[in-house]
Amino acid sequence: MKTIEQINKDMYTYLAKNHGCTEFDKTINNLSRSIIQTMAYVHKDVWLYTVNLYKDKQICEKYVGQKITNFYCTAVVPVKDQELIDMIEKWNGRKPVSSSANRLDFVNSIFNKLEELGGQVLLWA
């Protein structure tokens with residue numbers, strides 16, 4: 001099994017070689033699925049986070065081998081973190097964001113938190 005670092009290298013090499021990706025790019029989507037599977041193998045329990053919610057989509061869902069469709073989630077993270085969940089709720093208007101909060105800074109803080117927790121942001125096409 002490839003490491004997360006190897007999968008990321010494969011993804012960036014593919015993107016550079018092909019000058020990006022096409023819509024419905026199976027290679028990019030399959031590499032993102034590989035990241036989820038590898039994280040689950042390494043950490044046993046991992047969580048799928050969605051930052052931009054739609055309909056009744058959950059913010060955080062445990063990965064238990066379910067089918068992962070394109071754009072299923074934003075990131076895979078080895079922990080369930082209430083602070084991150086609260087941040088995503090605020091971003092989506094489920095909780096108020098202080099009027100002084102800069103929206104760009106706020107969304108950047110979400111992605112910084114994902115990284116801090118050891119998460120991997122996924123690419124979908």
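All of the numbers you see were taken from the coordinates with simple rules; none came from a lab. From a predicted model like this one, the values you see are computed outputs, not experimental measurements. Note: ideal-geometry Cβ built from the backbone for every residue, glycine included; neighbour counts use all protein chains shown.
Quick notes on this one:
- For segment 2-91, GluC sites (Glu not before Pro) are listed when DSSP marks them as loop and at most 16 other Cβ atoms sit within 10 Å of their Cβ; the list is E23.
- Extreme residue, positive dipole direction of the chain, given options I85, I35, G118 (C-beta unit charges): I35
- Residue pairs, from the table K2/K113; K9/K55; K2/K90; K2/K80; K26/K55, whose Cα atoms sit over 32 Å apart: K9/K55; K2/K90
- Taking every alpha-carbon pair in segment 1-47 and binning the separations at 5 Å intervals from zero gives 5, 23, 28, 21, 13, 7, 3 percent.
- For the chain, the longest principal axis of the C-alpha atoms and the axis of helix 82-91 are separated by about 80°.
- Distant alpha-carbon pairs in the chain (separation over 20 angstrom), percent: 46 percent
- Charged-residue dipole, Cβ positions (Lys, Arg, Asp, Glu), the chain about Cα centre, Debye nearest 20: 300 debye
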